[in-house]
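Accompanying notes for the structure given below.
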Amino acid sequence: MLKKFTLFDLLRRYLWFMIGLFLNAIGVALITKANLGTSPIAAIPYSLSLVLPHFSLGQWTIIFSIFLIICQIFLDKWPLNWVQLGWQTIISFIFGDCIDWAMNCLKNLNPAFYWQALLYLLLGCLIIAGGAYLEVIANVVMLPGDAFVRAICHRWTSEYGPVRVCSDISMSLLGAIICLIWLHNLKGVREGTLISALLVRQSDQISD
């Protein structure tokens with residue numbers, strides 16, 4: 001993943017990545033506050049935060065990201081890229097803290113009408129797409145969720161696109177199961193999760 005860059009170019013790329021990461025966190029928070037479910041990658045952390053609110057959405061995101069990093073250790077072929085895994089660990093904490101910051105900033109955002117919720121949802125999807133685009137062009141490190149999908153592809157020699165779709169579906173289903181078992185509702189995974197998955201995935205294909 002990492003290539004040989006000049007120091008200035010490397011700093012510029014990490015700056016783009018951090019901006020993309022920040023936008024991603026804002027997008028996740030905005031989609032979540034729309035109360036129509038959350039994005040697929042946040043479905044499990046958000047559902048867990050509803051079941052066990054002692055930990056915030058950002059904190060559960062950190063915990064889930066570390067779990068995905070551990071999964072990569074078992075999935076990836078040795079020797080492992082420990083530098084990449086180390087960077088993923090660092091950005092997991094940054095991303096989780098950014099999500100909590102964004103959620104706190106949007107704490108008074110409670111859409112009164114369904115059209116307002118849809119508007120917030122679409123805006124959140126747009127922001128996530130922009131953040132993901134910046135992360136891709138930065139080309140320095142991947143978020144654990146994306147790196148986990150890549151590890152699966154390397155393990156079984158599969159194409160990234162179909163595996164990413166399966167990953168999104170699996171995480172959404174697991175989030176729904178968590179909500180159904182402990183909350184007896186689907187607050188964490190709703191139509192907003194499907195819309196988010198379709199729109200952000202479509203924007204990924206365009207950027208590719």
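Structure data summary
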{"read-out": "Residue within segment 12-30 that is outside any helix (DSSP H, G or I) and touching a residue at least 40 places away in the same chain (Cβ under 8 Å) present", "value": "no"}
{"read-out": "Residues within segment 7-29 that are buried (at least 23 other Cβ atoms within 10 Å of the Cβ) and either more than 17 Å from TYR133 (Cβ to Cβ) or in contact with an Asp or Glu (Cβ under 7 Å, 6 or more places away or on another chain) (or both), tallied", "value": "2"}
{"read-out": "Which listed residue, of ASP146, ASP168, is open to solvent by less than 90 Å² (accessible area, probe 1.4 Å) and touching a residue at least 24 places away in the same chain (Cβ under 8 Å)", "value": "ASP168"}
{"read-out": "Exclusive hit being open to solvent by 80 Å² or more (accessible area, probe 1.4 Å) and part of a loop (DSSP other than H, G, I, E, B), set TRP78, TRP101", "value": "TRP78"}
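The values are calculated or read from the model by the stated rules, or taken from the named source; none is laboratory data. Just so we're clear, the structure is a prediction, and the values are computed from it rather than from any experiment. Note: ideal-geometry Cβ built from the backbone for every residue, glycine included; neighbour counts use all protein chains shown. In case anyone asks, the SASA skips ligands and DNA or RNA and just uses the protein heavy atoms, side chains included. Shrake-Rupley method; radii C 1.70, N 1.55, O 1.52, S 1.80 Å.
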